Amino acid sequence: MNQTEFKFDLFDIVRVSLKWKKQIILFTLACSLISGVYFMMQKNTYEAYGAFFPASAVMSGRINLFRETNQDWIDYFGGENEVDRATVVANSASVISYLIDSFKLAEHYKIDVVNDKNGAQKLYKKFSKNFKVSRSGYKHIEITFSDEDHDLAYRLTNAAILRIEEQLRELYIRINNQLALSLEIRHDSISQSLALISDSLANARVKYGIYDIIAPGRKNLLSFTPKSSGLEYAKGLELIQNLEEVKDKLAMDRAKYLSLANEFRTATFDGFPMLHVTQWASPYGPKSGPFRTLGVITVFLASLLFSIILACIIDIFKSQAHKLN
């Protein structure tokens with residue numbers, strides 16, 4: 001059995017290309033023409049760009065606003081935790097759904113979300129393709145949105161930044177409100193107990209005729225001199241001391257809880273910046289596609305390469321079939 005060595009090199013590629021040059025040129029020109037017509041039919045899209053740094057959560061926090069000692073340096077800009085939170089919020093449904101509804105993107109993209117059961121999914125997919133949230137290595141977040149309407153693109157990008165800040169602010173306000181509410185509930189509970197203790201103390205003073213302040217916890221008071229004696233007086237003295245001590249402790253706790261609640265309420269001020277915007281989106285952003293010249297050149301080269309490879313394959317099959325015959 002004879003073995004025929006197969007050999008196909010650059011010379012053969014050139015030879016086949018020249019042999020099939022007419023077909024190759026016609027195929028390449030046809031593909032380029034079709035791609036040119038396709039790209040000419042596509043509308044221009046424009047990209048709006050915005051960027052911001054998340055603000056430091058410590059700067060507006062209770063620990064910094066009501067510090068009792070000098071704090072170390074606190075950066076105005078947030079760290080990795082704040083960037084993570086802002087990124088999660090930026091990609092959340094509370095932001096994306098808000099933007100889709102506010103700018104009526106279903107009508108803009110001509111997607112029927114009422115009759116088409118997959119319409120909402122198509123709408124979100126279309127929007128997510130054009131709306132990008134990315135974090136850089138400089139601990140800041142970039143937002144881009146591409147659309148055929150340059151005015152819509154920049155307005156939506158800026159609205160996204162404002163919505164992210166609003167959602168972050170609401171998140172911190174809600175947490176501080178809940179903490180303040182829990183302290184205020186405890187304050188009210190202590191106030192009720194304090195009222196009962198005060199009534200008991202007042203009744204005991206009247207009963208035993210002891211009107212002096214004799215709480216052991218009050219260190220700066222003058223020493224008390226008993227004005228009577230006997231078992232009943234001694235019982236009254238001990239009872240009043242216990243009641244005064246408990247009352248003083250409850251009064252201090254009530255003041256502490258009220259003070260802490262007020263501190264957390266202060267942290268709910270909605271004027272604290274949640275974001276430091278470094279660049280707002282502007283109208284007439286740069287063109288993001290289609291790049292017609294580059295596209296046609298790419299199709300031209302790809303179709304040329306494909307047609308040469310196809311011609312070589314056909315020629316090889318024909319030559320092998322001829323040898324077999």
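Key figures for this structure:
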| read-out | value |
| --- | --- |
| Residue selected from the stretch 33-65 under the condition open to solvent by less than 50 Å² (accessible area, probe 1.4 Å), assigned to a strand (DSSP E or B) and not polar (S, T, N, Q), by the criterion farthest from Gly137 (Cα to Cα) | Ala48 |
| Residue check, Ala90 under 21 Å from the mean Cα position of the chain (by Cα), open to solvent by less than 70 Å² (accessible area, probe 1.4 Å), farther than 14 Å from Ala160 by Cα and small (Gly, Ala, Ser) | no |
| Selection from the stretch 1-58 of residues that are under 30 Å from Arg169 (Cβ atoms) and modelled with pLDDT under 80 | Ala57, Val58 |
| Test for Ile175: is it more than 57 Å from the chain's Cα centre (by Cα) and either of a type outside the set (Lys, Arg) or exposed (fewer than 13 other Cβ atoms within 10 Å of the Cβ) (or both) | no |
| For Arg218: the one exception among (1) assigned to a helix (DSSP H, G or I); (2) modelled with pLDDT under 85 | (1) |
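The values are calculated or read from the model by the stated rules, or taken from the named source; none is laboratory data. On a predicted model such as this, the values are computed, not experimentally measured, just so you know. Every residue, glycine among them, receives a Cβ derived from its backbone with ideal geometry; neighbour counts consider all protein chains shown. Keep in mind that these areas ignore ligands, DNA and RNA; they rest on the heavy atoms of the full protein, side chains included. Shrake-Rupley method; radii C 1.70, N 1.55, O 1.52, S 1.80 Å.
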